[in-house]
Amino acid sequence: MLNKYLKTLLNGGVPEKEINPLQDGLAFFEAGDHDNALPLLQQALEADPHHVQALIAVGRIHLDQGRYAEAYQPLRGALELDVKNPQLHYLLGELCYGQGDITAAESYFARAILHDADYTDAHIRLGMLLSEMNRYNEAIKCFERAIFLDRQAVVARYHLAQVCVRLDDHRRALTQLHLVKELHPDYPPVYVLQGEIFYRLGDHRQAVMEFNKAIELGAGDGNVFWLLANSHLALKAKDKALRAFLQAIEHDPENWAAYHQAAMIQEEMKRFAQAQQNYNVLLRVPEFQEAASQGVARIETLLAEIAATLAGDPTEAPSS
């Protein structure tokens, strides 16, 4: 008692708050403060190893940070105590997916739906998994169910559009993407996928607009710049195509086809030093060695002819 009294005096007369590992740990967890939550929840589980919510919270903290082995024991332990809990089946599905066990992940997501037919996220994740396995018709049913449950399920609509693209149903894909843009106009993947659709359809002007919007929203990766460059090339906008090919290389330094395209455009624009630099890179790539060797030879011959002309040698006039 004396010790507690002294602590109160040192705290300005305010009684020191008693720590409750379970309540405080769960409060930190709900607030997203996992660093403070984890040790308190572990302490709570030492006192009560069968507290389901504490087990779930500890499992989710490890799962969110990619520590799958550490996440398994508390989540599995919680499931043994609450076998019909759809959230636990869902979380274990995510865990198995993260570990690359696709079969187990599918089973857990399906069981989450079995115990809660209205679990929208479980329908979406199962649909995504089935899509990865090329089971498109089953995936479509999952996404349709998720959309039925939540008309604003942007992720479900987007992934449904992806499946439709793979099935060459571009009209339905564009319809879903239009609805996604109405719900979430700044959702970058929509513009990437729309760009890919218009690129496939040969509508390069629209593809350029979509890819530029995706880049504006921060979704410009190597593939987006590669497709953008090819669309510009199809529209004979070679300056823009060159810039996009060079940006594709920045994002993916092993995109050898982009080096080749850039080199050919630079050679045509008489930017010989830059073209030669890109051809030299390709000399190390078996697939492009022959084309690169020919490009280097053309440039060296042309530069030699130009040098001879500048030196005033009439017998070495540039070839037409």
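The values are calculated or read from the model by the stated rules, or taken from the named source; none is laboratory data. This is a predicted model, so every value here is computed, not measured. Every residue, glycine among them, receives a Cβ derived from its backbone with ideal geometry; neighbour counts consider all protein chains shown. Note: accessible area is taken over every heavy atom of the protein model, side chains too, but ligands, DNA and RNA are not part of it. Shrake-Rupley method; radii C 1.70, N 1.55, O 1.52, S 1.80 Å.
In the chain, taking the dipole from charged Cβ atoms about the Cα centre, the farthest positive-side position among ILE197, LEU63, GLN73 is held by ILE197.
The range 172-279: which GluC sites (Glu not before Pro) are DSSP loop and have at most 15 other beta-carbon atoms within 10 angstrom?
Of the GluC sites (Glu not before Pro), the ones in loops of the range 172-279 whose Cβ has at most 15 other Cβ atoms within 10 Å are GLU254.
Sequence-distant contacts, meaning Cα pairs under 8 Å at least 6 residues apart, place the relative contact order of the range 234-320 at 18 percent. Quick check: the distance between the Cα centres of the range 136-179 and the range 208-281, to the nearest angstrom? Comparing the Cα centres of the range 136-179 and the range 208-281, I get a distance of 31 Å. A dipole drawn for the chain from +1 and -1 charges on Cβ atoms has a positive end, and of TYR158, CYS96, ALA31 the residue lying farthest that way is TYR158.
Which of rounded, prolate, oblate describes the range 178-320, given a ≥ b ≥ c as roots of the alpha-carbon gyration tensor eigenvalues and a/c under 1.5 marking rounded, otherwise prolate only if a/b is larger than b/c? Since a/c reaches 1.5 and a/b is larger than b/c, the shape of the range 178-320 is classed as prolate.
Only four residue types carry charge here, +1 at the Cβ of Lys and Arg and -1 at the Cβ of Asp and Glu. Report the dipole size of the range 169-320 about the Cα centre in Debye, rounded to the nearest 20. Please report the intermediate quantities before stating the final value.
On the way: 14 positive and 20 negative charges, 99 e Å.
In debye, rounded to 20, the range 169-320 gives about 480.
Per residue, the chain reaches -24000 deg cm²/dmol at 222 nm when only DSSP H runs of four or more residues are counted, each adding -39500 (n - 2.57). Place a point 7 Å from the Cα of GLU132 along the Cα-to-Cβ direction; which residues of the range 68-96 have their backbone N under 12 Å from it? Label zone hits: 93-96.
Which percent of the accessible area of the range 217-273 is formed by carbon and sulfur heavy atoms (probe 1.4 angstrom)? Of the solvent-accessible surface of the range 217-273, carbon and sulfur hold 50 percent. Remark: spin-label model distance ASP82-GLU18 equals 2.6 nm, labels positioned 7 Å along the Cα→Cβ axis. With protein chains left intact and a 1.4 Å probe, residues in the chain average 56 Å² of accessible area per residue.
Mind jotting down a quarter of the surface of the convex hull over the alpha carbons of the chain, in square nanometres, one decimal? Don't skip to the answer; put the middle values down first.
Values: hull surface 110.6 nm².
In nm², the orientation-averaged hull projection of the chain is 27.7.
Looking at the range 108-208, the trypsin sites (Lys or Arg not before Pro) that sit in a DSSP loop and have at most 14 other Cβ atoms within 10 Å of their own Cβ are ARG151. For the chain, a simple Cβ point-charge model (Lys and Arg +1, Asp and Glu -1, everything else neutral) yields a dipole of about 660 debye relative to the Cα centre.
Positive end of the dipole of the range 209-320 (Cβ unit charges, origin at the Cα centre): among ALA304, HIS232, ALA257, the Cα lying farthest that way belongs to HIS232.
What are the membrane-span-like helices in the chain by this rule: whole DSSP H runs, Cα extent along the axis at least 24 Å, mean Kyte-Doolittle hydropathy at least -0.5? Show your work: numbers first, answer last.
Values: long enough: 289-310 (31 Å, 0.49).
Passing helices, by number: 289-310.
In this Cβ point-charge picture (+1 for Lys and Arg, -1 for Asp and Glu), the range 73-181 has a dipole of about 400 debye about its Cα centre. Find the centroid of the Cα atoms in the range 29-80 and in the range 85-101, then give the distance between the two in whole Å. Measuring centre to centre over Cα atoms gives 15 Å.
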